[in-house]
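Notes follow once the structure below has been shown.
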Amino acid sequence: HEELIILFRKALVTVDGFSLYQSLRACRNQVARATAGDTSIQPPPLAYKKWGLQGQERIQDCCTCGIDTPNPFDQMKSAAMMAPNATLRPAPPTSAKYITSGVSHYVGVYNAVEGSTQPILSEVAFAVASKLKSALMSAASGWLGFGQKQKEEDRSKPKIEPVTPLNMSFGLPDRLRNGDSIHLSPNNNYAATTDNFGRVILIDIDRGTAIRMWKGYRDAQLGWVQVKEDLQHGETPQQRRVAQFLIIYAPRRGILEVWTAGNGPRIAAFNVSKSCQLICPGYGYLGLNNVTSRGIKTRSFQCALIDPAGTIKTLDVPFHLALSDKNSKRARDLHLLKQLKLVLKDNTVESETLESTVKSLILDMKISSIAQQGLERVLSTKYLSVNVMRKILQACLQQFTDK
């Protein structure tokens, strides 16, 4: 459900968030016991995995895609390509998928199979050599007189666990392109990367292919916004569609763009300052499991732009902008009708501001049937006077006459 990733120069350490929280709680209890005078304190264990990623000269950024469960067809396809005589398991093994950006391979994908890892030969040889060296030094310390100093040096050295090699499953090779950063979409379907050529590349994680490229975005900052469709009458929350939007901030051009993820068009562009900072907090609380995470409220915003002038601007993208041209007008009008109903419901007294807001919402509707529903809602509102209703009707009639 959650995972803490620490990227070193030659290793990748993953720590389960729930086990880390439990270890920190045990440490806090032991501090209280030590304060009370208890000297029998043992450090609590910390469960982690240490991977040595192979196949890239240098790794600049890394993100986890969660647990990947392949279907039997993908398992047979991989076995046929890599090991034709291999035996297949009855159920495909699950694996933790990591995607990195760096040098030599612009993007690399790694799959760490869940379960215990077998010790490699070099680790066994290193362990045997260490034990043999310690045995010889302890035997020679009695008549050579230098064993005590060696023991003190061994105690002072911290114990460093060896890495478990993890080979690259596949990647995007490009010797001239150096990957700078990588940003994972909220539902783990896409990953957007930046490089030293000023390109933004969108990668389909399931297929492992680059599906889109934007040019002219040097030093770009990326973020993601995920929007769910409004519930219609008779629908369940599981039937709602989900749309994803890629946010690209180009500081050298001073522009903020919103693109529909996949192959959709650009739906919005804003002129902003060239010294802003785009933030996209794609993280939640630490120490939660599948049960305790259900009662936690989601974050208040998904993507925001910090202006050095002292303002923070959040991005709120309507769902209907992700639909095709055929259905976008209807979805847009339904969105305006919903806003009209909310405006009439939230107010109890008529005013000039309310009149102008209602008039602009109805006149902005393109489909006549939905505009008729809006007029019917206005005429059924009890606190609106006859003069206000007449003005709204005259404005609608004038618009139809002009057309």
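The values are calculated or read from the model by the stated rules, or taken from the named source; none is laboratory data. The shown structure was predicted, so the numbers you read here are calculated from the model rather than taken from an experiment. Positions of Cβ are generated from backbone atoms using ideal geometry, with glycine treated the same way; all protein chains shown enter the neighbour counts. The accessibility values were calculated without ligands, DNA or RNA, using every heavy atom of the protein model including side chains. Shrake-Rupley method; radii C 1.70, N 1.55, O 1.52, S 1.80 Å.
Here's the yes/no breakdown for (1) assigned to a loop (DSSP other than H, G, I, E, B); (2) open to solvent by less than 50 Å² (accessible area, probe 1.4 Å):
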{"position": "Gln60", "(1), (2)": "no, no"}
{"position": "Cys65", "(1), (2)": "no, yes"}
{"position": "Gln75", "(1), (2)": "no, yes"}
{"position": "Met81", "(1), (2)": "no, no"}
{"position": "Arg89", "(1), (2)": "yes, no"}
{"position": "Pro92", "(1), (2)": "yes, yes"}
{"position": "Lys97", "(1), (2)": "no, yes"}
{"position": "Thr100", "(1), (2)": "no, yes"}
Within region 12-58, tally of residues that are within 19 Å of Val163 (Cβ to Cβ), open to solvent by 70 Å² or more (accessible area, probe 1.4 Å) and aliphatic (A, V, I, L, M): 1
Scope region 364-379; condition part of a helix (DSSP H, G or I), within 45 Å of the chain's Cα centre (by Cα) and not polar (S, T, N, Q); matching residues: Ile370, Ala371, Gly374, Leu375, Glu376, Arg377, Val378
Strands (runs of 3 or more DSSP E) contained in region 160-228 and holding at least 3 residues among the charged types (D, E, K, R): none
Residue tally, condition out of contact with any strand residue (DSSP E or B) (no Cβ under 8 Å at 6 or more places or on another chain), part of a loop (DSSP other than H, G, I, E, B) and either within 30 Å of Leu176 (Cα to Cα) or of a type in the set (A, V, I, L, M, F, W, C) (or both), over region 14-56: 2
Positions within region 380-398 being under 47 Å from the mean Cα position of the chain (by Cα) and surrounded by 13 or more Cβ atoms within 10 Å (Cβ to Cβ), in sequence order: Thr381, Leu384, Ile392, Ala395, Cys396
Meets criteria (part of a helix (DSSP H, G or I) and either in contact with a Pro (Cβ under 9 Å, 6 or more places away or on another chain) or closer than 19 Å to Leu334 by Cβ (or both)) for Arg390: no
Some residue of region 349-363 being part of a helix (DSSP H, G or I), within 26 Å of Gly264 (Cα to Cα) and out of contact with any His (no Cβ under 9 Å at 6 or more places or on another chain): no
Residue ID - nearest to Gly223 (Cα to Cα), chosen from residues in region 290-319 that are at pLDDT below 75 and surrounded by 13 or more Cβ atoms within 10 Å (Cβ to Cβ): Phe301
Residue count for region 182-205, restricted to those that are under 25 Å from Tyr48 (Cβ atoms) and either of a type outside the set (Gly, Ala, Ser) or free of Cβ contacts under 8 Å to residues at least 24 places away in the same chain (or both): 5
Residue match in region 323-346 (condition: part of a loop (DSSP other than H, G, I, E, B), at pLDDT below 85 and within 30 Å of Arg377 (Cα to Cα)): yes
Qualifying residue in region 169-181 (condition: at pLDDT below 85, closer than 29 Å to Lys49 by Cα, out of contact with any Pro (no Cβ under 9 Å at 6 or more places or on another chain) and of a type in the set (Ser, Thr, Tyr)): yes
Subset of region 253-269 (residues that are more than 16 Å from Trp224 (Cα to Cα) and open to solvent by 50 Å² or more (accessible area, probe 1.4 Å)): Arg253
